[in-house]
1. Which of the residues that make up region 439-463 are out of contact with any Ser or Thr (no Cβ under 7 Å at 6 or more places or on another chain) and either in the same structural domain as residue 97 (by TED's automatic domain parsing) or part of a strand (DSSP E or B) (or both)?
2. Sort through 410, 458, 422 and tell me the only one that's of a type outside the set (Phe, Trp, Tyr), in contact with a helix residue (DSSP H, G or I) (Cβ under 7 Å, 6 or more places away or on another chain), surrounded by fewer than 19 Cβ atoms within 10 Å (Cβ to Cβ) and in contact (Cβ under 8 Å) with a residue 24 or more places away in the chain.
3. If I filter region 184-201 for residues that are surrounded by fewer than 22 Cβ atoms within 10 Å (Cβ to Cβ) and small (Gly, Ala, Ser), do I get at least one hit?
4. Look at residue 365 and say whether it is more than 30 Å from residue 115 (Cβ to Cβ) and touching a Leu at 6+ places or on another chain (Cβ under 8 Å).
5. Quick check on region 38-53. Is at least one of its residues under 23 Å from residue 218 (Cβ atoms), at pLDDT 95 or above and not in a loop (DSSP other than H, G, I, E, B)?
6. Looking at this structure, is residue 394 farther than 25 Å from residue 558 by Cα and touching a residue at least 40 places away in the same chain (Cβ under 8 Å)?
7. If you check every pair at least six apart or on different chains, which have Cβ atoms under 8 Å apart with a residue in region 133-149 that is among the hydrophobic types (A, V, I, L, M, F, W, C) first and a residue that is part of a helix (DSSP H, G or I) second?
8. Select the strands (runs of 3 or more DSSP E) contained entirely in region 373-438, then report the ones holding at least 3 residues which are in contact with a Phe, Trp or Tyr (Cβ under 8 Å, 6 or more places away or on another chain).
Amino acid sequence: MTKKVVRIGNASGFWGDDPLALKRQLKFGALDYVNADYLAEVSMSILRKLQNRDPEKGYVQDFIDHVLLAGDELRQSDAKIVTNAGGNNPIGCAIALQKELRSRGIEKRIFAITGDNIVDRLEKCATEVHDLRNMEEGLSLDQVRDRVQSANVYTGSVPVAEAFRNGADIVVAGRISDSALTIGPLMYEFGWKPDDWNLLAAGMIAGHIIECGAQATGGNFTDWQTIKSWDEMAFPIIMMEENGDFTVTKSPQCGGMVTEFTVKEQLVYEIHDPENYYGPDVIADVTSVRLVDEGNDKVRVIGAQGKPSPETWKVSMSYHHGWKASGSLILSAPDALEKAQLFQKLFWERVGTQFEKTSTNFIGYDSTHQALANTISPNEILIQFVAFDPDRSKLDMFSRQLSAMILSGPPGVAVTGGRPKPQEVLKYWPALVDCTKIESYIHEINDGISKVISSYIPSTYTSLPTIHSDKVKSKDHQWSTDLVEVKLLEVCLARSGDKGNTVNIGVLARNELIYSWLVQNITAKKVHEWFKSLCKGTVTRYELDNLNALNFHLTEALDGGGTYSGRTDPQGKTFASALLNREVEVPKEILPQYQIK
């Protein structure tokens with residue numbers, strides 16, 4: 001008897017991803033399922049703004065466009081699709097998609113999942129223990145309740161499995177958890193139960209590997225020079241077995257690559273505490289898995305372990321927090337830096353207004369890495385001014401003064417983009433909610449009508465403790481005193497990303513010997529010192545011996561994060577590059593034979 005394997009491919013890692021990825025996955029992937037992730041914390045704020053302008057919107061139109069671009073492949077494929085592109089309006093998205101497909105003679109059973117949107121039920125969902133206070137700042141919801149615009153719960157996988165059990169070809173959900181896009185089909189195919197913790201953990205880890213699209217197949221890869229082809233970039237595929245072991249791969253017809261390190265980089269991306277990686281279905285232990293690079297773009301992942309699902313689920317909320325204006329001037333050599341410094345002083349003096357928060361970025365000089373940036377003499381600088389304030393009228397002077405600068409300052413300057421317009425700021429508010437307060441509904445869509453076919457309220461289980469245990473690797477190793485100065489890039493790989501106002505930097509040693517040195521030398525204290533111009537909070541280090549990796553968690557590191565950040569990198573994507581660019585002294589014997597050319 002042939003062992004059953006379920007093939008799931010990803011076709012989108014964010015809103016704005018490759019519009020032809022779905023087409024390629026359906027054409028080349030030989031897939032059973034395709035999932036497409038479009039949402040992030042910032043995405044929900046944008047979708048809410050769109051829905052405020054048009055109540056029938058609030059979903060990601062790109063998903064419908066991507067499906068239509070893959071129309072021919074969709075006709076010929078039996079692969080089923082699941083996505084979170086429904087955003088704040090899954091039913092509207094599902095109805096619009098079915099209408100477009102039927103107009104092209106494509107008949108698919110489309111289901112929608114709702115229940116994650118609790119913006120009109122905040123009082124009913126809040127409890128004395130879980131009162132929806134801000135997870136990062138500890139503030140009470142009462143301070144912003146009358147300004148809340150959106151509130152969406154990261155829901156679980158059971159409704160997705162239920163939709164497929166009822167015959168769905170395409171499932172459109174709202175702010176479902178990213179991992180549920182993978183776990184849901186696996187629960188349906190293998191009959192996994194809601195308390196099969198190790199199996200669900202395997203599904204969650206598999207989902208995490210593929211949820212960011214090409215980041216697992218060479219996109220954003222530290223050793224980007226080793227990618228032989230970027231043409232028709234491959235998106236990842238997992239081949240899952242019933243026991244929870246799986247293989248990560250890609251279509252051979254597409255570019256990119258799958259190696260131990262492309263998979264590891266994604267594994268350490270945005271996971272916070274790796275022993276307790278939270279999802280609504282399970283708490284996965286990323287330190288439990290082992291990777292085997294089998295070559296030919298195949299990496300085996302085995303041994304996943306999980307803990308009972310948490311009693312609380314995360315809520316992504318947004319609330320009105322005033323207004324923002326942003327504008328830029330381009331300054332050219334000679335003396336571009338000196339001109340930029342004078343323009344910075346002159347502009348804020350001439351505006352003459354105190355704002356809630358301001359930011360000035362020297363793009364091309366130090367805007368992403370600040371104090372970590374190397375000193376250079378730039379040929380040009382794009383100087384960006386940003387201001388935030390609850391009073392929109394105060395931003396009018398900001399806008400008028402910017403264009404006035406070009407004739408009353410040093411030479412070699414031009415305005416880019418015209419006079420800036422104030423934009424509403426919907427600030428991120430993360431919270432926790434009792435999961436038993438959340439009921440999900442599975443709808444079948446037909447001729448513009450939504451029919452509820454079932455609903456689901458999660459059960460609670462006795463969770464195991466989720467306390468991180470600090471492990472100290474043996475310090476008995478005696479390193480030679482023959483030291484050489486190198487950039488960390490020569491001994492490490494890294495990837496970074498955000499969760500609200502925090503940043504995670506996952507650092508991978510190129511071999512086990514290097515990892516031993518990293519554990520002893522790249523401490524939380526040292527990383528905090530390096531990033532002190534960017535990180536105003538704490539730095540915590542976690543160790544993943546199984547991956548020869550360290551994960552650093554930096555709080556208060558993004559100037560408020562997302563829509564409320566005045567930085568050019570509000571999501572911490574460049575923190576890893578800043579770390580790898582640091583020069584350190586290392587024992588000569590740890591340098592890998594392979595050097596980046």
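The values are calculated or read from the model by the stated rules, or taken from the named source; none is laboratory data. The shown structure was predicted, so the numbers you read here are calculated from the model rather than taken from an experiment. Glycine gets a Cβ as well: all are built from the backbone with ideal geometry, and neighbour counts include every protein chain shown.
1. 444, 445, 446, 449, 450, 451, 452, 453, 454
2. On the way: 458 fails: surrounded by fewer than 19 Cβ atoms within 10 Å (Cβ to Cβ); 422 fails: surrounded by fewer than 19 Cβ atoms within 10 Å (Cβ to Cβ).
After applying the criteria, what remains is 410.
3. Within region 184-201, one or more residues are surrounded by fewer than 22 Cβ atoms within 10 Å (Cβ to Cβ) and small (Gly, Ala, Ser).
4. Yes, satisfied.
5. At the first step, the residues of region 38-53 found to be under 23 Å from residue 218 (Cβ atoms) are 38, 40.
Right, trim to at pLDDT 95 or above and you get 38.
From what's left, not in a loop (DSSP other than H, G, I, E, B): none.
No: region 38-53 contains no residue that is under 23 Å from residue 218 (Cβ atoms), at pLDDT 95 or above and not in a loop (DSSP other than H, G, I, E, B).
6. Working: farther than 25 Å from residue 558 by Cα: no; touching a residue at least 40 places away in the same chain (Cβ under 8 Å): yes.
Considered against the rule, which asks whether it is farther than 25 Å from residue 558 by Cα and touching a residue at least 40 places away in the same chain (Cβ under 8 Å), residue 394 comes out as no.
7. 141/122; 148/122; 148/141
8. Details: elements: 380-389, 413-416, 423-434.
Passing ranges, in order: 380-389, 423-434.
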